[in-house]
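Worksheet for the structure shown next.
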């Protein structure tokens, strides 16, 4: 009888331990994963500053769509933003990412509804009217699309 009781106790203890191990998996994203989650959205322009001058009128209709696979697409991005591309988060500074055209972008602010990005543009890539040849320091202030 004692042997049967011991076997049941071992069985119940094993089941409890098994359930405990299953329940201890890490569900929280890493800081890098969380930054990507925060960025993933479609962002619309609220203002654009180029070398201290408001140039928002040159980016009417601009939007930036960031996807969880580290790709992005833009509408009306002109010289500062390619129509699409990829990026990598800087593992040492999650407030910075590097686009596939080697432009380093600083995340100045990110909230649930707002994103502010700054970067230096030194090359001319676009021939689009109104934005071709725009270079310098840019800050894009964006709002999240619902």
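The values are calculated or read from the model by the stated rules, or taken from the named source; none is laboratory data. Model, not experiment: these values are computed from the prediction. Neighbour counts run over all protein chains shown; Cβ positions are idealised from the backbone, glycine included.
Data for the structure
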| quantity | calculated |
| --- | --- |
| The range 65-89: number of residues that are surrounded by fewer than 16 Cβ atoms within 10 Å (Cβ to Cβ) and either modelled with pLDDT under 95 or in contact with a helix residue (DSSP H, G or I) (Cβ under 7 Å, 6 or more places away or on another chain) (or both) | 1 |
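Residue-by-condition table, conditions (1) surrounded by 13 or more Cβ atoms within 10 Å (Cβ to Cβ); (2) closer than 23 Å to residue 30 by Cα:
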| position | (1), (2) |
| --- | --- |
| 45 | yes, no |
| 53 | no, no |
| 57 | no, no |
| 94 | yes, yes |
| 107 | yes, yes |
| 145 | no, no |
